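One structure is given here, and the rest of the page talks about it.
The values are calculated or read from the model by the stated rules, or taken from the named source; none is laboratory data. Note that the structure is predicted; figures quoted are calculated from it, not measured. Reconstructed Cβ throughout: ideal geometry from the backbone, glycine too, with neighbour counts over all protein chains shown.
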Amino acid sequence: MKPEKENLLIAEDARKLLRKDFSQLTEPVTIIAFLSDGEENKPFNEYSRKLLTELSKISGKIIPKFEAIGGELSKKYNVTRTPTLLIQPEKYNIRLTGAPAGEEARTLMIAMLMASLGVSILSDASKKRLTDLKDKRNVKVFVSPTCPYCPQQAVTAIAAAIEKPGIVTTEIIEIYENRDLAIKYNAFSVPQVFIDDQIVGQGLQPEELFIEEVITAAPVKIKPFEGAEEIKKDLLIIGAGPAGLTAAIYAERSGIKSIVIEKANLGGQVAITPVVENYPGFTKIGGKTLMDMMAQQAIQYTDIHEGEEVLDIRRSDDTFEMKTNRTKYTAKAVLITTGAESKKLEVPGEKEFQGKGVSYCAACDGYFFKDGKKVIVVGGGNTAATEALYLKNIGVDVTLVHRKDKLRAEAFLQQSLADNKIPIIWNSVIKEIRGDKFVTGVVIENTKDISEKTIPIDGVFIAIGYVPNNELARKLGAETDEEGYIKVDKQQRTNVKGVYAAGDITGGIKQIVTAVSQGAVAATTIFEDISNPYWKEKQG
């Protein structure tokens, strides 16, 4: 009789990749894991023990040590909750408070690599800037395992602790397992960064901005580094969503030297879409997974700069000059694929409670509410329906609120809402979001009889559409329609020669396949226009 196969957390294909990554380890990495055998956070403690044990079998240089609360080490390091992981604690002040599950497993892997090598992933400019830091800083980053933006912010914070041992202390806090801390800091939306217990930023921040906040221990405005070397390209692609990534692949294959600039995270809105069910070739796939696959292909052809924000762009004759928070660029053409951001309700309480129960991303923030907390999703389109289904699936008590008597979502999604018995409040709008330190309720108005009622609620997820990110288009003089979307022709050209646009920023049908096709068309057009400028033909 064959022995039963061990039930492993890490699949064999992932083990092969990890063996390759861990071959870079130089110094052994000690991880002291404070765990409990009790009922509190039991599944997370068990997961952490199993994960670290499996990692130690993949590489002998990963050395986990399991400890309980109450012993000498827990007193030495002031650890009072489980699971808590300390990475190379004799050398660095790096703490993971909560199980490194989901997206945060990536944070742990990169943290171990940096701790072993003694080298961070920060840019040379950031490392140089940190040499000025003399005062101690305590950095806290609140995260969730379903947030695609969290690992990048967490890794940047850990990198600061690697660069300044004894000066920077970094703690990564998972909000669901440490609900009391999330409530204490009003950190229900992730990632959120606190320095010396003062909030300095919500959402993913560019590396340079975060480093400045570590230096000043306060929120700062982003600014370019002085004296940055100029980079010359044929094409600047601004935005790393499906349109931008596809354009980069097609451009480079045509022989056009391009670069992709993204101020946030790869994938745009798709990266925070829990499940994609209408992209050809995949019956069902996570939005983040799909965008990671696109990004991996694009990286084979061109450079993609995450966390880099365009601060200024202008046209000079037939050349475009662009300044970012990292450097300067010149190019022959610009492709704007900046997409759109979530539209706001613009009601009392929305801004006040953003990150304190008001959210625009279920994948990022829904995990906090997963044990039956009551939330509403506002909207009636595909995004609202998808968000509601995702929240229901992870254990949230969710209700949909829609201003009309029928949804705009696809029939398949509407049927899924019915199958999952998700209630819908029809003909209703949110008039006010109420709370104390965090959301406690909403005032809903019936659009038919104008009656109002107050509903006790723990969270509000807003999915009522998008507003185009058109600031750069306006700077360049590109025409927009009445809603702010960039006007383009069938070749994705704008009214400004050398400026093109693709994806959600152009309005119309906001689908991944549309963005991908427009990105391909734009890149092909740009190749033709650089080779044989259409405007010169008109002049002749």
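Among the residues of the range 231-248, is there at least one that is among the polar types (S, T, N, Q) and over 15 Å from the mean Cα position of the chain (by Cα)? Show your work before the answer.
To start, the set of residues in the range 231-248 that are among the polar types (S, T, N, Q) comprises 246.
When the remaining residues are screened for being over 15 Å from the mean Cα position of the chain (by Cα), the result is 246.
So far as the range 231-248 goes, yes, one or more of its residues are among the polar types (S, T, N, Q) and over 15 Å from the mean Cα position of the chain (by Cα).
Can you confirm whether A333 is at pLDDT 90 or above and in contact with a strand residue (DSSP E or B) (Cβ under 9 Å, 6 or more places away or on another chain)?
For A333, the condition - at pLDDT 90 or above and in contact with a strand residue (DSSP E or B) (Cβ under 9 Å, 6 or more places away or on another chain) - is met.
Give all pairs with beta carbons closer than 7 Å in which a residue from the range 418-441 that is touching a residue at least 12 places away in the same chain (Cβ under 8 Å) meets a residue that is among the acidic types (D, E) and loosely packed, with under 14 Cβ neighbours inside 10 Å; count only pairs at least 6 apart in sequence or on separate chains.
W426/D405; N427/D405; K431/E452
I need the strands (runs of 3 or more DSSP E) fully contained in the range 446-540, keeping only those with at least 1 residues that are within 30 Å of K374 (Cα to Cα).
452-456, 459-462, 466-468
Among (1) in contact (Cβ under 8 Å) with a residue 12 or more places away in the chain; (2) within 17 Å of A157 (Cα to Cα), there is one condition P242 misses while meeting the rest; what is its number?
(2)
Give the residue that is surrounded by the most Cβ atoms within 10 Å (Cβ to Cβ), with candidates limited to residues of the range 33-82 that are of a type in the set (K, R) and over 17 Å from G98 (Cα atoms).
Residues of the range 33-82 of a type in the set (K, R): 42, 49-50, 57, 61, 65, 75-76, 81.
Within this subset, residues satisfying the condition of being over 17 Å from G98 (Cα atoms) are 57, 61, 75-76.
Details: K57: 12, K61: 17, K75: 11, K76: 10.
Among those that are of a type in the set (K, R) and over 17 Å from G98 (Cα atoms), it is K61.
Conditions tested, residue by residue: (1) in a loop (DSSP other than H, G, I, E, B); (2) closer than 28 Å to G38 by Cβ.
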residue	(1), (2)
K65	no, yes
I69	yes, yes
L73	no, yes
T80	yes, yes
R106	no, no
A111	no, yes
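List the residue pairs whose Cβ atoms are under 7 Å apart, where the first residue sits in the range 30-42 and is of a type in the set (F, W, Y), the second is not in a loop (DSSP other than H, G, I, E, B), and the two are 6 or more positions apart or on different chains.
F34/E67; F34/S74; F34/T84
Working only within the range 350-372, note down all residues that are in a helix (DSSP H, G or I) and either within 30 Å of F527 (Cβ to Cβ) or at pLDDT 90 or above (or both). Break it down into steps so the answer makes sense when it comes.
Initial filter on the range 350-372 (in a helix (DSSP H, G or I)): 362-369.
Those that are in a helix (DSSP H, G or I) and either within 30 Å of F527 (Cβ to Cβ) or at pLDDT 90 or above (or both): A362, D365, G366, Y367, F368, F369.
Going by the structure shown, is T386 surrounded by 22 or more Cβ atoms within 10 Å (Cβ to Cβ) and either out of contact with any strand residue (DSSP E or B) (no Cβ under 9 Å at 6 or more places or on another chain) or hydroxyl-bearing (S, T, Y) (or both)?
Numbers: surrounded by 22 or more Cβ atoms within 10 Å (Cβ to Cβ): yes; either out of contact with any strand residue (DSSP E or B) (no Cβ under 9 Å at 6 or more places or on another chain) or hydroxyl-bearing (S, T, Y) (or both): yes.
For T386, the condition - surrounded by 22 or more Cβ atoms within 10 Å (Cβ to Cβ) and either out of contact with any strand residue (DSSP E or B) (no Cβ under 9 Å at 6 or more places or on another chain) or hydroxyl-bearing (S, T, Y) (or both) - is met.
From the residues in the range 120-134 that are closer than 18 Å to I158 by Cβ and hydroxyl-bearing (S, T, Y), which one is modelled with the highest pLDDT?
The selected residue is S120.
Looking at the range 299-322, is at least one residue part of a helix (DSSP H, G or I) and more than 30 Å from I430 (Cα to Cα)?
Checked the range 299-322: at least one residue is part of a helix (DSSP H, G or I) and more than 30 Å from I430 (Cα to Cα).
Please work out if A418 is over 25 Å from the mean Cα position of the chain (by Cα), in the same structural domain as T506 (by TED's automatic domain parsing), modelled with pLDDT of 95 or more and not polar (S, T, N, Q). Steps first, please.
Numbers: over 25 Å from the mean Cα position of the chain (by Cα): yes; in the same structural domain as T506 (by TED's automatic domain parsing): no; modelled with pLDDT of 95 or more: yes; not polar (S, T, N, Q): yes.
So A418 does not fit the description; no.
Could you pull out the residue among A161, A243 that is assigned to a helix (DSSP H, G or I), surrounded by 21 or more Cβ atoms within 10 Å (Cβ to Cβ) and in contact with an Asp or Glu (Cβ under 8 Å, 6 or more places away or on another chain)?
On the way: A161 fails: in contact with an Asp or Glu (Cβ under 8 Å, 6 or more places away or on another chain).
Within the list A161, A243, the selection yields A243.
With of a type in the set (A, V, I, L, M) and free of Cβ contacts under 8 Å to residues at least 24 places away in the same chain as the only criterion, which of A363, A388, A411 stands out?
Working: A363 fails: free of Cβ contacts under 8 Å to residues at least 24 places away in the same chain; A388 fails: free of Cβ contacts under 8 Å to residues at least 24 places away in the same chain.
Going through A363, A388, A411 in turn, the sole match is A411.
Quick one: which of V398, V375, V347 is assigned to a loop (DSSP other than H, G, I, E, B) and not assigned by TED's automatic domain parsing to the domain that holds E177? Let's see the steps before the verdict.
Numbers: V398 fails: assigned to a loop (DSSP other than H, G, I, E, B); V375 fails: assigned to a loop (DSSP other than H, G, I, E, B).
Just one listed residue meets the conditions, V347.
Looking only at the range 270-301, which residues are in contact with a Lys or Arg (Cβ under 9 Å, 6 or more places away or on another chain) and free of Cβ contacts under 8 Å to residues at least 60 places away in the same chain?
Answer for the range 270-301, where residues must be in contact with a Lys or Arg (Cβ under 9 Å, 6 or more places away or on another chain) and free of Cβ contacts under 8 Å to residues at least 60 places away in the same chain: just Y301.
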